[in-house]
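Working notes for the structure below.
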There are 2 protein chains.
Amino acid sequence: MLVTKRRFSTPELLLQNGSKITDVEIGYETYGTLNATGDNAIFITHYFSGTSHAAGRLSETDPEPGYWDTIIGPGKPIDTNRFFVVSSDVLCNLNAKMEHVITTGPASINPATGFPYGASFPVVSIGDFVSLQKCLCDHLGIKKLFAVAGPSMGALQAMEWSVRYPEFVDRVIAAIGCSLAADAYLIAQLDTWMAPIRLDPNFNDGEYYGRAEPIRGLTEALKLVTFNALHYRQISRQFQRRLASRDLDPATDLKNRFAVEVAIESTAQDRAKIADANSFLRLCRAVQLFSIRERKSRIRAPYLVIPAVTDLLMHPEYAEQGVKELRDAGVHVEVFEIEGDGGHLDGLNQIAQAADAIRRFLS
Amino acid sequence: MLVTKRRFSTPELLLQNGSKITDVEIGYETYGTLNATGDNAIFITHYFSGTSHAAGRLSETDPEPGYWDTIIGPGKPIDTNRFFVVSSDVLCNLNAKMEHVITTGPASINPATGFPYGASFPVVSIGDFVSLQKCLCDHLGIKKLFAVAGPSMGALQAMEWSVRYPEFVDRVIAAIGCSLAADAYLIAQLDTWMAPIRLDPNFNDGEYYGRAEPIRGLTEALKLVTFNALHYRQISRQFQRRLASRDLDPATDLKNRFAVEVAIESTAQDRAKIADANSFLRLCRAVQLFSIRERKSRIRAPYLVIPAVTDLLMHPEYAEQGVKELRDAGVHVEVFEIEGDGGHLDGLNQIAQAADAIRRFLS
């Protein structure tokens, strides 16, 4: 499936906290065809470090398909022969420097000044992501979402959809998400992610565009993201106690390291090259701010909740708590658990396990 | 129980990696009396951020007793009417600036130069901690340890004792420890702890004595230690989604924060004031280097293994794996699980749950 990145613009967006941003644009992809009644659409909402590239390949030479390609496509559970699938970049998308990512965020030019927003870019919320997605839906002629589905931070957006536009959303698929709110522990964990950026002297309170960027802080932040998405079974089996270099013994010098440390750092370095530190902070805050707990009585859509049993970031107990709260609020909830030892990442890499559950839920 | 800090010195210590340090000193406490045959001693080995202060109070006004006071004392499971209990500071004790802590580490004066060691202080190992403890035992006239017991990094020392001096150790009590080695995941986690210190410009590759110290990096490192020792149930119940200040809404400014963030940071700031960054790094490395896997056939002592069921740092599955490996090696192992929702800290705060199991094991 060859897919195309498109650009959606809107002259102004009023944020939940009262701020306004102008000339807002985000990238999006669509798969399949919208029907005449405009009600066969499924919106896919992406995870923290993800993009709108949920399925297919952007070119013949694209090395990898989108992150949920195993469940989105012709004949797949989210069947593009039947559904019109839409996936968009969030505001402040982390990968602001990545080819094909289109996002308005701190690195964007502020039309009022002609310079990047930097620290002046407002705090954003999951609700803001969703209200912009609603604008995109309206633009595309979508009258109703057959479903909204996403993993991790995408699950939070899917849940937010169900309280913000309850009449517009017929089904919610929330994979590897939290309970109905980011609770204190998750809030604290996100603070540990933000810390290395604040610690990097190049961060300069968010004013770093056009000079040395806080790349080391961002790398350490992304190391935490990478590490927290793993599980000890898989990672310990893979790396064991191997050294990064046979001749550089960690027992003799603090600078000598184990293979696993270097591997995670190298992944984080690659991720940091295409990411933006100010966006990282705003995404963390958006997740911290997430709560639909006080609005849960608005939900009309049934839920399919998909935790990963070895998830050490969005602990399955969060989902369990969410399911209980939803059912207490009278919401119909189905649950499918992903087995594995890949941790949080199983919600991406092992999502095909949920194929039948998703198919049934969408039937 | 009023206890006294004492000082043990030895002119030279040969480390496992071949380095030598001279004029080595550590603090220690003893509770109870050594018998004539010198075989009623129990050695207590402390955790990562702990000290030799395992039980009792150092003065009438000492606000809190030692960390395992609920199980050490007259008539308690580690009964000081029966046993001679010894507890010492490790080399490179984290709390180098704390009153009553005596340790040789990077902040100590190098007798060869008259200046603090700084970065030149060698990498140390759990084995080095134990061989120094053995010197202290010899000095005290201990002929044999009835048991060695410790939580977390203390468990690693207790395990190391059983392979390094198998004829000297009759019983091992390992609480909230890992398996027979620090596996890749734990190694990587310790790297995330070390990262903020390296990121702090004041760290200056470990040469910071006499100038501005890397206090922010150390604080962020201790924030990770503090956070990783908690469990989401307890922490989310305690803090929920409360703001740090009612007037400073996190939705409007990145600088505004949630109560849980500020609470953990404030704890970390207090801990950083008495800690040393170079020592922190060396303790992390010591844990990374820990492995008795290849030497397990040397073990003669039976084990009592005490995991905490909600431990998110030393996952109970590590202990389970360790128990399996020990039993495969023919070691007699008993297991007692601490219930609770306090995470890793339950191995300190809830150790009294194991009172009967410890009493039986020592009977």
A:ILE187 fails exactly one of the following numbered conditions: (1) open to solvent by 10 Å² or more (accessible area, probe 1.4 Å); (2) in contact with a strand residue (DSSP E or B) (Cβ under 7 Å, 6 or more places away or on another chain); (3) of a type outside the set (Asp, Glu). What is the number of that condition?
(1)
So, in the stretch A:291-319, how many residues would count as being in contact (Cβ under 8 Å) with a residue 24 or more places away in the chain and either β-branched (Val, Ile, Thr) or within 29 Å of A:ARG233 (Cβ to Cβ) (or both)?
16
Test: B:THR30 is under 23 Å from the mean Cα position of the chain (by Cα), in a loop (DSSP other than H, G, I, E, B) and hydroxyl-bearing (Ser, Thr, Tyr):
no
Could you look through the stretch B:264-287, keep only residues that are within 8 Å of chain A (Cβ to nearest Cβ) and under 28 Å from A:ILE187 (Cα atoms), and pick out the one that is most open to solvent (accessible area, probe 1.4 Å)?
B:GLU265
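Any chance the stretch B:230-246 includes a residue that's small (Gly, Ala, Ser) and either assigned to a strand (DSSP E or B) or farther than 30 Å from A:LEU15 by Cα (or both)?
No, the stretch B:230-246 contains no residue that is small (Gly, Ala, Ser) and either assigned to a strand (DSSP E or B) or farther than 30 Å from A:LEU15 by Cα (or both).
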Looking only at the stretch B:214-263, filter to residues that are facing chain A (nearest Cβ under 7 Å) and hydroxyl-bearing (Ser, Thr, Tyr); which one of those is most open to solvent (accessible area, probe 1.4 Å)?
B:THR252
Pull out all pairs, ordered by first then second residue, where Cβ-Cβ is under 7 Å, the residues are six or more apart or on different chains, the first lies in the stretch B:184-213 and is more than 8 Å from chain A (Cβ to nearest Cβ), and the second is among the charged types (D, E, K, R).
B:ASN202/B:GLU213
Selection count where residues are of a type in the set (D, E, K, R) and closer than 19 Å to B:ARG164 by Cβ, scope the stretch B:1-47:
3
Filtered residues of the stretch B:255-300 (kept if of a type in the set (Gly, Ala, Ser) and under 21 Å from the mean Cα position of the chain (by Cα)):
B:ALA268, B:ALA272, B:ALA275, B:ALA277, B:SER279, B:ALA286, B:SER291
Residues satisfying the stated conditions in the stretch B:70-97, i.e. surrounded by fewer than 19 Cβ atoms within 10 Å (Cβ to Cβ) and within 20 Å of the chain's Cα centre (by Cα):
B:LYS97
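Rundown of residues vs (1) at pLDDT 95 or above; (2) acidic (Asp, Glu), yes/no style:
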position: A:CYS178; (1), (2): no, no
position: A:ASP183; (1), (2): yes, yes
position: A:GLN189; (1), (2): yes, no
position: A:ASN228; (1), (2): yes, no
position: A:PHE239; (1), (2): yes, no
position: A:ARG242; (1), (2): yes, no
position: A:ASP253; (1), (2): yes, yes
Of the residues in the stretch A:18-63, those that are small (Gly, Ala, Ser) and within 14 Å of another protein chain (Cβ to nearest Cβ) come to A:GLY18, A:SER19
Of these, B:GLY118, B:GLY127, B:GLY141, which one is touching a residue at least 24 places away in the same chain (Cβ under 8 Å) and within 19 Å of the chain's Cα centre (by Cα)?
B:GLY127
Any residue at all in the stretch A:294-309 that's touching a Ser or Thr at 6+ places or on another chain (Cβ under 8 Å) and farther than 22 Å from A:LEU145 by Cβ?
no
Answer yes if at least one residue in the stretch B:162-171 is modelled with pLDDT of 95 or more and under 30 Å from B:GLU213 (Cβ atoms), and no otherwise.
no
By residue number, the members of the stretch B:129-138 that are charged (D, E, K, R) and either in contact with a Phe, Trp or Tyr (Cβ under 7 Å, 6 or more places away or on another chain) or surrounded by 19 or more Cβ atoms within 10 Å (Cβ to Cβ) (or both) are B:LYS134
Check A:ALA329, A:ALA301 and return the single one that is open to solvent by less than 10 Å² (accessible area, probe 1.4 Å) and more than 13 Å from every other protein chain (Cβ to nearest Cβ).
A:ALA301
All but one of (1) open to solvent by 10 Å² or more (accessible area, probe 1.4 Å); (2) on the phi < 0 side of the Ramachandran plot hold for B:GLY141, so report the exception by its number.
(2)
Here the residues within the stretch A:42-59 that are open to solvent by 20 Å² or more (accessible area, probe 1.4 Å) and part of a strand (DSSP E or B) are A:ARG57
Determine whether A:PRO316 is open to solvent by less than 50 Å² (accessible area, probe 1.4 Å) and in contact with a His (Cβ under 9 Å, 6 or more places away or on another chain).
no
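To keep it simple, each residue is scored yes or no on (1) out of contact with any Asp or Glu (no Cβ under 6 Å at 6 or more places or on another chain); (2) outside any strand (DSSP E or B); (3) closer than 24 Å to B:SER125 by Cβ.
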{"position": "B:ASN278", "(1), (2), (3)": "yes, yes, yes"}
{"position": "B:ARG295", "(1), (2), (3)": "yes, yes, yes"}
{"position": "B:LEU312", "(1), (2), (3)": "yes, yes, no"}
{"position": "B:GLU317", "(1), (2), (3)": "yes, yes, no"}
{"position": "B:GLY340", "(1), (2), (3)": "no, yes, no"}
{"position": "B:ALA354", "(1), (2), (3)": "yes, yes, no"}
{"position": "B:ARG360", "(1), (2), (3)": "yes, yes, no"}
Might you check whether a residue that is under 16 Å from B:PHE129 (Cα atoms) and either aliphatic (A, V, I, L, M) or open to solvent by 40 Å² or more (accessible area, probe 1.4 Å) (or both) occurs anywhere in the stretch B:100-107?
yes
Selection count, the stretch A:288-298, where residues are under 18 Å from B:VAL262 (Cα atoms) and open to solvent by less than 10 Å² (accessible area, probe 1.4 Å):
1
Options B:ASP23, B:ASP62, B:ASP39: the member that is at pLDDT below 95 and open to solvent by 10 Å² or more (accessible area, probe 1.4 Å)
B:ASP62
Considering only the stretch A:145-183, state which residues are open to solvent by 10 Å² or more (accessible area, probe 1.4 Å), closer than 14 Å to A:ARG298 by Cβ and either of a type in the set (Phe, Trp, Tyr) or without any contact (Cβ under 8 Å) to a residue 12 or more places away in the chain (or both).
A:TYR165, A:PHE168
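Restricting to the stretch B:247-276, what's the tally of residues that are outside any loop (DSSP other than H, G, I, E, B) and without any contact (Cβ under 8 Å) to a residue 12 or more places away in the chain? Walk me through it before giving the result.
Within the stretch B:247-276, the first condition is being outside any loop (DSSP other than H, G, I, E, B), and the residues that meet it are B:258-273.
Keeping just the survivors that are without any contact (Cβ under 8 Å) to a residue 12 or more places away in the chain gives B:266, B:270.
Residues that pass the stated criteria total 2.
The values are calculated or read from the model by the stated rules, or taken from the named source; none is laboratory data. None of these values were measured; they are calculated from a predicted model. Cβ atoms come from the backbone with ideal geometry, glycine included; neighbour counts cover every protein chain shown. These area figures cover heavy atoms from the full protein model, side chains too; ligands, DNA and RNA do not enter into them. Shrake-Rupley method; radii C 1.70, N 1.55, O 1.52, S 1.80 Å.
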